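**Q** This structure is in structure tokens; I'll ask about it shortly.
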Amino acid sequence: MTTTTQIPATASALKHKRMEQFEPSVVARKVSVFYGEKQALFDVDLDIGRHEVTALIGPSGCGKSTFLRCLNRMNDTIPICRVTGKISLYGKDIHDPDIDVVHLRARVGMVFQKPNPFPKSIYENVAYGPRIHGLAASKAEMDEIVLTSLDKAGLLGEVKDRLTEPGTGLSGGQQQRLCIARAIAVGPEVILMDEPCSALDPIATAKIEELIDELRENFTIVIVTHSMQQAARVSQRTAFFHLGVLVETGETEDIFTTPKDKRTQDYITGRFG
Amino acid sequence: MSDLAIRNVGMTSAMDATTTNSQRVAAGLKGRYAAERRFKAYGVLAIAFALACLMLLMWTIVSHGYTAFVQTMVRLEITLYPQDIDPDGKRDRDVLSTADYRTPIRQAVADLFPDVQGRSDQRQLDALVSPGAVFLIRDMVMADPSIVGKRVSITIPVSDDLDQLNKGYINPNVAEADRKVSDKQIAWFQRLKDRGLIETNFNTILFTMGDSREPELAGLWGATVGSFFTLAVTIALAFPIAVMTATYLEEFAPKNRWTQLIEVNINNLAAVPSIVFGLLGLAVFLGFFGLPRSAPLVGGMVLALITLPTVIIASRAAFKSVPPSIREAALGLGASRLQTVTDHVLPLAMPGILTGAIIGMAHALGETAPLLMIGMVAFIVDIPGGLTDPATVLPVQVYLWSDSPERAFVERTSAAIMVLLVFLFAMNAVAVLLRRRFERRW
């Protein structure tokens, strides 16, 4: 496992006091993304700490979701999309020919903006991932995986009596937690969350944020968010994107209290965005 | 300065206009609502016109055709003398099947009218009952040879002309030379009626027999079985090919010039006249591959070609209607593209695909022109027993009957149309039911 030998991305990170323990699980170097002729992301260098929550913030269209989707190669599904640069997961390039994209996505799970449970039962929703990857040898093992995943996602108490009911029948917040349970069930190392609370009311949002904080113990989490308060509440590190460029990255506390860049300061004080 | 002045002028004129603007809106309101009412009225008129046309069509068909569902029968006491039918008394099947059943029928009719003398009159008397009655008696004897030598009471169809007379289609008041039945026949028929020997029964022959030159013996069963075999071939070929094509084009194929070209051509094929497909079938399936003529196999292959574009287009629309978030969810979990399609996208697209397939099949069921090209228009009496037997289909049967000169085929043509329409409505109903059932699951 790569540890502190990696050169951190920015000068601000270098100076940081916790730097000795900083242990990146994902390292992105010179990542650029093109949609056809149009370049959406410009030479992004970013380290994502292990078992930390990293928040990607920035105004709409700044490339934060695009960057997130590079990390599990979801951009591969868009035909005109081209990614250059190097992204490594625990030191291994994810674009390496011997990395299988299916395997990569089992290691880097994803939760989307809009809750998108399968139109199947709650149980089936969670069991689908482990089943396609052959993670459970028996029905009992599968039950175990499903129940633990639902438990970790804080949903078990609400749904344990209706596991056979459709997942689409749950409320929005429950659906999103079901999607998180579904992602956890595969046992990923990293979980990517693309504005997971944007379709939810404040109470459901609070529950998800609590959950993210708990999940940090076992998973590396990258979250895209529009809400700076949310970034401040849940993340340890924050990266600010603007017009496809990674402007500044560092400890969340530092970014929000003493931003180095003028653009970051303007954004977090609400002058644009 | 001047810039500011101009802006001020604009402001004041706009403020002056506020009151007049409101008045203008008020003045225009009436006209706008009137236009809306007119537009609605046009819509209602259009629907009313369409409904009226449909009612007229249905009324014409039903009013012409409903009489075909009953058949005028005469009850005869027939004595099956062994010397006529089975002189050796061995009950040999070959002898029984070729025996003379005409004489007993003639005898039975003559017994009812002992006063009729003379060759010409007797011939007219014989023409009262259907010439096909001999086959009914033969089938009875073949089924139960023990009735030979006994006196049996059975009902047999009267001739098609008397049937039409009984149903009121022949006017007895016109000059005798201008109608198909003579004065004497009308009188005899009236005597039979008075003696209570004439019955009008449900026309089972129409639903159990194959085609015939005699209208009273012509049935739709042969064409129905032919339609069934043909459609079975069509669905067996068209459904899997169309679903695979749509799946590949929608879910796997790269979006480039080639796939665009294929897409345009599929849309074009949907617009090609069906008779062109018939000629293709004639040239390729019959001419080149030497497949049998008039066979449901070839008919089904041609109809499959015709329905393929329709089903492909419907299936692609069904795939497009599956939300992309479902694909993302599956891919994000590490499902392969095939797993994404088979586990999630295909099941969600299935109701749309099935609906498209059934609409395509309904279309194929009503198709006539291409089948004429490959010889399914032949006069075929036997019920087809397999995919390569000569057969015809329901719409072609309608076409054949409508072309026949006998008066009795007019009502039968309409009856055949009704049967065809019932099948079409049933198929469309199944499409609606399938859609409801699959979509309601979640």
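**Q** Identify all lysines with a Cα-Cα distance to B:K193 below 24 Å; exclude those on the same chain that are fewer than 8 residues away in sequence.
**A** Reachable lysines: B:K167, B:K180, B:K184.
**Q** Quick one: Cα convex hull volume of segment B:69-203, Å³ per residue?
**A** Here the figure is 117 Å³ per residue.
**Q** Separate question: Return the FRET efficiency for the residue pair A:S60, A:T148: r is the Cβ-Cβ distance, R0 is 25 Å, and the value is rounded to the nearest 0.05.
**A** 0.10
**Q** Whole number please: convex hull volume per residue of the Cα set in segment B:97-156, in Å³?
**A** Convex hull volume per residue, Cα atoms: 90 Å³.
**Q** Describe numerically, in nm with one decimal, the distance between label points set 7 Å from Cα along Cα→Cβ at B:T388 and at B:V272.
**A** The modelled label-to-label distance comes out at 2.7 nm.
**Q** Still on this structure, I have one more. Near A:K86, which lysines are there with a Cα under 19 Å away, not counting those fewer than 8 places off in the same chain?
**A** Partners found: A:K30, A:K64.
**Q** With charges only on Cβ, +1 for K and R and -1 for D and E, what is the dipole size of segment B:221-438 about its Cα centre, in debye, rounded to 20?
**A** 540 debye
**Q** Ignore the peptide's own chain and count Cβ atoms of other chains within 10 Å of each Cβ in B:248-261; give me the average, rounded.
**A** 0
**Q** Something else about it: Using per-residue counts of other Cβ atoms within 10 Å, averaged over each peptide, order A:260-267, B:36-43 from highest down.
**A** Output ranking for A:260-267, B:36-43: A:260-267, B:36-43.
**Q** Could you tell me the distance between the Cα centroids of segment A:209-237 and segment B:63-120, to the nearest Å?
**A** Cα centroid to Cα centroid, the span is 96 Å.
**Q** Specify the angular offset, from 0 to 90 degrees and rounded to the nearest 10, of the alpha carbon long axis of helix A:172-185 from the longest principal axis of the alpha carbons in chain A.
**A** 90 degrees
**Q** Do the sum for the protein assembly as shown: with -39,500 (n - 2.57) for every DSSP H run of n ≥ 4, divided by all residues, what is the mean residue ellipticity at 222 nm, to the nearest 500 deg cm²/dmol?
**A** Result for the protein assembly as shown: -16500 deg cm²/dmol, rounded to the nearest 500.
**Q** Using every pair of alpha-carbon atoms in chain A, split the distances into 10 Å bins beginning at 0 and state the percent of pairs per bin, rounded to integers.
**A** P(r) over chain A, rounded to whole percents: 7, 30, 35, 22, 7, 0.
**Q** Please give the Cα centre distance for segment B:291-368 versus segment B:190-210, rounded to the nearest Å.
**A** Answer, in whole Å: 48.
**Q** Moving on. Short version: ³J(HN,Hα) in whole Hz for each residue of segment B:79-85, in order, from phi by Karplus 6.51 cos²θ - 1.76 cosθ + 1.60 (θ = phi - 60°), x for Gly and Pro, what are they?
**A** With the stated coefficients, segment B:79-85 comes to 9, 8, 5, x, 5, 6, 9 Hz.
**Q** Which of the listed residues, B:F409, A:F240, A:C70, is farthest toward the dipole's positive end in the protein assembly as shown, when Lys, Arg count +1 and Asp, Glu count -1 at the beta-carbon?
**A** Of the listed residues, the answer is A:F240.
**Q** Let me ask you something else. Name the residue farthest towards the positive end of the dipole of segment B:180-287 from the options B:T245, B:S274, B:T204, assuming +1 on Cβ of Lys and Arg, -1 on Cβ of Asp and Glu, about the Cα centre.
**A** Final value for the positive-end residue is B:T204.
**Q** A follow-up question, please. According to a simple spin-label model (label point 7 Å from Cα along Cα-to-Cβ), what is the distance in nm between B:A429 and A:E253?
**A** Those two pseudo-labels are separated by 7.4 nm.
**Q** Cα convex hull of chain B: mean projected area in nm², to one decimal?
**A** That works out to 41.1 nm², a quarter of the Cα hull's surface.
**Q** Any idea what diffusion coefficient segment B:161-244 gets from Stokes-Einstein, in µm²/s, Kirkwood Rh on alpha carbon pairs, 25 °C, 0.890 mPa s?
**A** 150 µm²/s
**Q** Shifting gears a bit: Just how large is the dipole of the protein assembly as shown about the Cα centre, in debye to the nearest 20, putting +1 at every Lys and Arg Cβ and -1 at every Asp and Glu Cβ?
**A** So the dipole magnitude of the protein assembly as shown works out to roughly 1700 debye.
**Q** Still on this structure, I have one more. For peptide A:112-120, compute the average count of partner chain beta-carbon atoms within 10 Å of each residue's beta-carbon.
**A** 5
**Q** So for segment B:69-203, averaging the separation of alpha carbon pairs under 8 Å that are six or more residues apart and normalising by length, what relative contact order in percent results?
**A** About 42 percent, as a whole number.
**Q** What is the percent of Cα-Cα separations in the protein assembly as shown that go past 43 Å?
**A** Value for the protein assembly as shown (Cα pairs over 43 Å): 56 percent.
**Q** Also, quick follow-up: Apply the Karplus curve 6.51 cos²θ - 1.76 cosθ + 1.60, θ = phi - 60°, to the phi angles in segment B:336-352 and return the couplings in whole Hz, x for Gly and Pro.
**A** After applying 6.51 cos²θ - 1.76 cosθ + 1.60, I find 6, 5, 5, 5, 4, 5, 6, 7, 10, 6, 4, x, 6, 7, 4, x, x Hz.
**Q** R0 = 25 Å: FRET efficiency of A:Q39 with A:D93, Cβ-based, nearest 0.05?
**A** Working from the Cβ atoms, E equals 0.70.
**Q** Tabulate in residue order the Karplus-calculated ³J(HN,Hα) for segment A:138-151, using 6.51 cos²θ - 1.76 cosθ + 1.60 with θ = phi - 60°, rounded to whole Hz; enter x for Gly and Pro.
**A** 9, 4, 5, 4, 4, 3, 4, 4, 4, 5, 5, 4, 4, 5
**Q** Related question: Using the C-alpha atoms of segment B:221-438, what convex hull volume per residue, in cubic angstrom, is computed?
**A** 130 Å³
**Q** Under a 5 Å amide H to amide H cut-off, with H placed in plane at 1.01 Å, what residues pair with A:S32 once short-range neighbours are removed?
**A** Residues meeting the amide H criterion: A:D43, A:V44, A:T84, A:G85.
**Q** Could you work out how far apart the two model spin labels at B:R75 and A:K262 are, taking each label as a point 7 Å from the Cα in the direction of the beta carbon, and quote it in nm?
**A** Computed distance between label sites B:R75 and A:K262 equals 11.2 nm.
**Q** From the residues A:V102, B:Y81, A:Q229, which one has its Cα farthest along the dipole of the protein assembly as shown in the positive direction, the dipole being from +1 and -1 charges on Cβ of Lys/Arg and Asp/Glu about the Cα centre?
**A** The one lying farthest along the dipole's positive direction is A:Q229.
Values quoted throughout were computed directly from the atomic coordinates according to the rules given, and no laboratory measurement underlies them. On a predicted model such as this, the values are computed, not experimentally measured, just so you know. Neighbour counts run over all protein chains shown; Cβ positions are idealised from the backbone, glycine included.
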